[in-house]
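One structure below.
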Amino acid sequence: MKKIIMTGGGTAGHVTPNIALMPSLKEAGYEISYIGSKNGIEKKLIEDLKVPYYGISSGKLRRYASFKNFTDIFRVLGGFFQSLRLVRKLKPDIVFSKGGFVSVPVVLAASLKKVPVIIHESDMTPGLANKIAFRGASKICCNFEETLKYLPSDKSKLTGSPIRQELLNGDAKKGLELCAFKDNKPVILVVGGSTGALKVNVAVRSILPELLKNYNVVHLTGKGKSDSAFDGREGYKQFEYINKEMADLFALADIVISRAGANAICELLALRKPNILIPLSAAASRGDQILNANSFKAHGYSIVLDEDQMSAESLLASVNELSVNKEAYIEKMSQSAQSNAIETIMNLIKENSK
């Protein structure tokens, strides 16, 4: 049996693509182990799947001056030596890294022990952790065609991001039962991320009377961001959070309004859902969502609205435009090389395993 170490952590975005690959890895006969930080978000996510989990010391590498840069270097070094011991113990045939600072010592330790490493970069421009780890990589996967120019040409491949296969198997009928809509109007699904998006919520609610004339609306508001004033309104259903039923809501949706995180938009691409992206503003982020969204716009996959410039009128006009032209967006998405990520990455794993 082949053995693989998976690593990545710090945010759910560094973990969920790894989780999405696991069923295919098991089907291909790989024994999976996971290396993450001792107390990161990845620990519970992986342990809940009954995958062997090994926590290592982890520190953040910063581009700016901070006393923590001095103390964290010792944590990184500790994680490197812990990773070396784990690589010797687990004897993997390959390592797959989704990024985050905890992955750097794992990748460098594997490279030192001559174990092939595949790294996946989600964002348009590589983050610092992956830039450091690239030197130990055999292959580098990415989500965006534009990212290839930042990567070594002999190592890089456009793959898209692995998404959970259950999302592809949603049941629109179950989604309809969950929402209890009484007519067959097209459905708009509003997704603001796991914590919600206040500006998106406000904008959608401001045009709700107009939307409900022609659409049913499912609104994932984020924890603590539902509004009881809208409860019971026919054609409108709000949830603070959805987990297992997400696939059914995607199957039900004709149009999606979403933030532009890398994993979220790759899910929309794989599902071929016509979408409006409202990326997090540069003032509230490093601007990666803006780059992600503009790439999808340039390829004809999405309509993009600037959060700071968005108005009720522009959002409503974009919904109507997308509704009229949704088949053109679906056609563009169906032609993408980014929409079959799991098969592409699995082939790379098999080809590069020892």
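The values are calculated or read from the model by the stated rules, or taken from the named source; none is laboratory data. What you see is a predicted model; the values in this text were computed from it and never measured. Methodologically, a virtual Cβ is constructed for each residue, glycine included, from the backbone with ideal geometry; neighbour enumeration extends over all protein chains shown.
Some notes on this structure:
- The residue that is nearest to the chain's Cα centre (by Cα), among those in the range 101-123 that are without any contact (Cβ under 8 Å) to a residue 60 or more places away in the chain and in a helix (DSSP H, G or I), is VAL104.
- Filtered residues of the range 314-347 (kept if surrounded by fewer than 20 Cβ atoms within 10 Å (Cβ to Cβ), more than 22 Å from PRO279 (Cβ to Cβ) and either in contact with a strand residue (DSSP E or B) (Cβ under 7 Å, 6 or more places away or on another chain) or aromatic (Phe, Trp, Tyr) (or both)): ALA337
- Any hit, the range 191-209, residues being modelled with pLDDT of 95 or more, buried (at least 21 other Cβ atoms within 10 Å of the Cβ) and either touching a Lys or Arg at 6+ places or on another chain (Cβ under 7 Å) or of a type in the set (Lys, Arg) (or both): no
- Candidate set: the range 124-157, residues that are crowded, with 21+ Cβ neighbours inside 10 Å and assigned to a helix (DSSP H, G or I); chosen: the one modelled with the lowest pLDDT: ALA129
- The one condition in (1) farther than 25 Å from CYS179 by Cβ; (2) in contact with a Cys (Cβ under 8 Å, 6 or more places away or on another chain); (3) not polar (S, T, N, Q) that PHE296 fails to fulfil: (2)
- Residue-level analysis places ALA253 among those that are crowded, with 20+ Cβ neighbours inside 10 Å, assigned by TED's automatic domain parsing to the domain that holds GLY170 and of a type in the set (Gly, Ala, Ser).
- Residue within the range 219-239 that is assigned to a loop (DSSP other than H, G, I, E, B), at negative phi, at pLDDT below 95 and among the aromatic types (Phe, Trp, Tyr) present: no
- Here LEU315 meets each of (1) closer than 21 Å to ALA262 by Cα; (2) at pLDDT 90 or above with one exception, condition (1).
- With respect to (1) over 18 Å from the mean Cα position of the chain (by Cα); (2) modelled with pLDDT of 95 or more, the lone exception for PRO274 is condition (1).
- Selection status of ASN184, loosely packed, with under 14 Cβ neighbours inside 10 Å, at pLDDT below 95, closer than 17 Å to ASP248 by Cβ and within 21 Å of the chain's Cα centre (by Cα): no
- When the range 296-313 is filtered for residues that are touching a residue at least 24 places away in the same chain (Cβ under 8 Å), touching a strand residue (DSSP E or B) at 6+ places or on another chain (Cβ under 9 Å) and more than 14 Å from ALA197 (Cβ to Cβ), the ones remaining, listed by number, are PHE296, TYR301, SER302, ILE303, VAL304.
- Single residue of the range 158-174 satisfying the filter (over 27 Å from VAL117 (Cα atoms) and in contact with a Phe, Trp or Tyr (Cβ under 8 Å, 6 or more places away or on another chain)) that is surrounded by the fewest Cβ atoms within 10 Å (Cβ to Cβ): LEU167
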